[in-house]
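The values are calculated or read from the model by the stated rules, or taken from the named source; none is laboratory data. Predicted model only: the values in this text are computed from it and were never measured. In this analysis, Cβ positions are derived from the backbone assuming ideal geometry, glycine residues included, and neighbour counts consider all displayed protein chains. Heads up: the accessible areas ignore ligands, DNA and RNA and are worked out on the full protein's heavy atoms, side chains in. Shrake-Rupley method; radii C 1.70, N 1.55, O 1.52, S 1.80 Å.
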Amino acid sequence: MPKVTKIEVQKNNKERVNIYVDNKYAFAAFIDTIINEGIVKGLELNSEIINKINCEERIKKCKNDAIKTVEKSYKTEKEVIDKLKSKEYTEKEINYAINFLKEYKFIDDMSYAKSYIKSKTNNSGKNKIRYALKRKGISDEIINETLNSINENEELESAMEVGYKKYTSIIK
C-alpha cells in the first residue's frame, strides 16, 4: 500500500502543503485538512482517504471562490450560484458555500433588493427596478415587499426630475 513519504509546506501559500507518496508528488491540500485527517509521514494511504481529502478540498475551494466573488461587490444568491456553476462545482459544494455565505451575512437577497432600490429610485421606475431584480434572481416575494416600501411622492418627484432633465436636453 502507498505510504506518505514527505509533507512539504508550499512556497507561495503557507496554508497549503504538498503530499508525496512513495517519493512522488501525489496532491496538495490545506494544512487543516491534513491535520483533521491525521495525515503524517509514514501513513499508508488508501483510495478512501484520498477521495475524502479531495472532497474536502473541493468544498474549501468552492467556499473560497464564493468569498472572492462577494468581496468584489455585493451579489445576489443567484449571481454567486451562477459563478460557482461556471467553475463546475457540484451542487453539494455550492450549497455548502451558499450556506456559509448566508450564515455570515455575506449574501442576503432582501438587503440586496433594498439597497438596489434605494440606489435606483432616483432614475428608474418600479417596473424597470422589478425587471432588473428579477434578472438578478430575487424572488417575487422579496421584490414586491421591497418595492412597496417606495414612497409614491418620492417616486413622482424623481420621475418629474428625470422628465425635466430630458426636456431641457431636448430643447437646447
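Each residue in segment 121-145 was checked for being within 20 Å of residue 166 (Cα to Cα) and open to solvent by less than 30 Å² (accessible area, probe 1.4 Å), and 2 of them qualify. Screening 153, 95, 148, 99 for residues that are at negative phi and surrounded by 12 or more Cβ atoms within 10 Å (Cβ to Cβ) leaves exactly one candidate, 95.
The strands (runs of 3 or more DSSP E) found wholly in segment 1-70 and carrying at least 2 residues that are of a type in the set (Val, Ile, Thr) and at pLDDT 90 or above occupy 4-9, 16-21. Evaluating residue 75 against the criteria (1) part of a helix (DSSP H, G or I); (2) crowded, with 18+ Cβ neighbours inside 10 Å leaves one unmet condition, (1). Contact map, segment 30-55: residues that are closer than 18 Å to residue 8 by Cβ and of a type outside the set (A, V, I, L, M) paired with residues that are open to solvent by 50 Å² or more (accessible area, probe 1.4 Å) and assigned to a helix (DSSP H, G or I), Cβ distance under 7 Å, separation 6+ or inter-chain. Pairs shown: 37/52. Please go through segment 51-67 and give me each residue that is surrounded by 17 or more Cβ atoms within 10 Å (Cβ to Cβ) and either among the hydroxyl-bearing types (Ser, Thr, Tyr) or more than 23 Å from the chain's Cα centre (by Cα) (or both), ordered by number. Selection gives nothing.
Look at segment 111-130 and say how many of its residues are assigned to a helix (DSSP H, G or I) and either over 19 Å from residue 69 (Cβ atoms) or over 26 Å from the mean Cα position of the chain (by Cα) (or both). Steps first, answer last, please.
Just the residues of segment 111-130 that are assigned to a helix (DSSP H, G or I), to begin with: 111-120, 126-130.
With the extra rule that they be either over 19 Å from residue 69 (Cβ atoms) or over 26 Å from the mean Cα position of the chain (by Cα) (or both), the set shrinks to 114, 117-120, 126-130.
Number satisfying all stated conditions: 10.
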